[in-house]
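Taken together, the values in this text are just the output of simple stated rules run on the coordinates, not laboratory data. Worth saying up front: this structure is predicted, and the values here are computed from it rather than measured. Glycine also receives a Cβ, built like all others from the backbone with ideal geometry; neighbour counts cover every protein chain displayed.
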Amino acid sequence: MNPPRNIRIQGIPDSVPEAIAAVCRSRFSVAVDKLLDETGIEDIKVTVGTGLEKDSSQNGQNSIQKKSDRDLSPEERAKRYEAQKPLFTFEQLVIPEKVIEDLLLAVDLIRLESKVFDEWGLRKIEPFPRTALNFHGKPGTGKTLAAHAIASKINRPILVASYAQIESMYHGEGPKNVEAIFLAAEQQNALLFIDEADSLLSKRLTNVTQGSEQAINSMRSQLLICLERFRGVVMFSTNLVENYDKAFETRVRNINFPMPDEICRREIWKRHLVEELPTPDVSLEKLAQVEDVCGRDIKNAVIDAAMRAARQGKEEVLLSELLESINSIKKARVNVTPKSRPLTPEEKEEAEKKIKEALAKKKQEATS
Ligand SMILES: Nc1ncnc2c1ncn2[C@@H]1O[C@H](COP(=O)(O)OP(=O)(O)OP(=O)(O)O)[C@@H](O)[C@H]1O
Ligand SMILES: [Mg+2]
């Protein structure tokens with residue numbers, strides 16, 4: 001049999017932030033795996049890298065570096081993750097009272113751990129008390145803000161890692177990275193916040209056929225192990241988990257972040273229209289009447305209107321400009337959403353059918 005031929009897909013420049021590059025690599029890998037699977041080609045090994053990496057066959061310094069990265073122990077790996085000072089406080093967060101209560105309960109659990117588990121002896125029945133929360137809700141509803149707010153409330157640093165950073169282009173590294181971030185959080189006495197965790201908390205796949213699926217499954221299993229052992233607070237953030245893994249459902253408490261209603265919108269506007277910003281004719285009532293916008297839309301509208309006014313040499317930001325900004329942000333968001341949603345199973349099936357047909361046609365052309 002011929003030795004496998006190596007194909008390296010390069011081109012994600014180093015200037016692309018690592019979190020985005022990781023998502024691109026992951027999607028490329030999945031697409032390539034799928035293509036190889038469908039064409040039945042076995043003797044080609046495809047890897048996806050950045051624009052600057054040397055081909056592994058050249059034994060360049062970069063590839064040596066990557067290779068040795070693979071051998072790092074969890075302790076060495078953990079050094080890559082550094083906790084930060086929280087960026088936001090509870091005072092900045094506007095959410096319904098019920099959600100605030102849930103979040104404060106989590107804060108209390110952390111504050112009272114030593115009394116309940118050490119002084120009152122409950123460590124005998126639960127050696128690893130932990131708080132695992134999953135903030136789920138639409139984008140821009142305050143999940144990241146809430147994670148920072150909890151950390152600042154209990155005066156602890158926060159270690160932020162996204163799924164894209166944990167997932168790795170090299171099979172087998174994802175689970176090691178999961179282990180490393182939990183270790184890093186424990187060592188730095190930090191709250192752990194795992195962003196974009198939809199894929200991590202989803203049902204583990206049965207009937208695994210591809211390497212990329214196996215890799216995700218191993219990451220999920222490793223996450224369960226780490227959750228069991230972790231003595232601390234871990235918060236996940238998800239947008240749309242359709243298929244929670246049962247094991248996570250019982251270990252992680254879900255907290256839903258709704259889109260803000262009119263009362264909340266009014267308050268969010270108020271907190272974003274800071275004191276120094278000259279807004280002579282502002283009406284919070286009128287601003288709050290613009291429906292179906294999230295906190296991030298409001299923040300962006302304030303910045304957008306202020307920038308426009310400043311560029312035009314004005315000395316103040318008018319209500320009409322704020323309304324124009326929020327309405328145009330809303331319009332742009334509504335137009336984008338349908339394109340960026342995941343494919344439905346029917347659409348997926350249709351797309352797969354088309355790919356198969358195209359491949360079969362190409363094969364036929366090549367043989368005739
Ligand atoms: N509930 C809220 N209260 C006050 N401000 C908010 C709220 N939601 C969003 N914002 C504003 O929008 C910004 C972005 O929100 P945040 O990053 O917390 O959203 P998210 O839910 O984490 O979104 P994503 O799912 O896209 O990660 C915040 O920094 C804040 O300025
Ligand atoms: Mg977020």
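What's the number of the condition Asp102 fails, among (1) without any contact (Cβ under 8 Å) to a residue 40 or more places away in the chain; (2) assigned to a helix (DSSP H, G or I); (3) not basic (Lys, Arg)?
(1)
I need the full set of residues from the stretch 121-178 which are more than 16 Å from ligand 2 (Cβ to nearest atom) and of a type in the set (D, E, K, R), in order please.
The answer is Arg123, Lys124, Glu126, Arg130, Lys153, Arg156, Glu167, Glu173, Lys176.
Which residue out of Gly142, Gly137 is within 12 Å of ligand 1 (Cβ to nearest atom) and in contact with a Gly (Cβ under 6 Å, 6 or more places away or on another chain)?
Numbers: Gly137 fails: in contact with a Gly (Cβ under 6 Å, 6 or more places away or on another chain).
After ruling out the rest, the residue left standing is Gly142.
Provide a single number: the residues in the stretch 147-170 that are within 13 Å of ligand 1 (Cβ to nearest atom), over 21 Å from Leu223 (Cβ atoms) and in contact with a helix residue (DSSP H, G or I) (Cβ under 6 Å, 6 or more places away or on another chain).
Of the residues in the stretch 147-170, 1 are within 13 Å of ligand 1 (Cβ to nearest atom), over 21 Å from Leu223 (Cβ atoms) and in contact with a helix residue (DSSP H, G or I) (Cβ under 6 Å, 6 or more places away or on another chain).
Could you please give the count of residues in the stretch 258-291 that are away from ligand 2 (no atom under 16 Å from the Cβ), surrounded by fewer than 17 Cβ atoms within 10 Å (Cβ to Cβ) and under 20 Å from Phe135 (Cα atoms)?
1
Do we find that Thr131 is closer than 24 Å to Ile225 by Cα and either within 16 Å of ligand 1 (Cβ to nearest atom) or within 23 Å of the chain's Cα centre (by Cα) (or both) in this structure?
Yes: the conditions hold for Thr131.
Which count do you get for residues in the stretch 117-155 that are surrounded by 18 or more Cβ atoms within 10 Å (Cβ to Cβ) and without any contact (Cβ under 8 Å) to a residue 60 or more places away in the chain?
Summing the residues that are surrounded by 18 or more Cβ atoms within 10 Å (Cβ to Cβ) and without any contact (Cβ under 8 Å) to a residue 60 or more places away in the chain in the stretch 117-155 gives 1.
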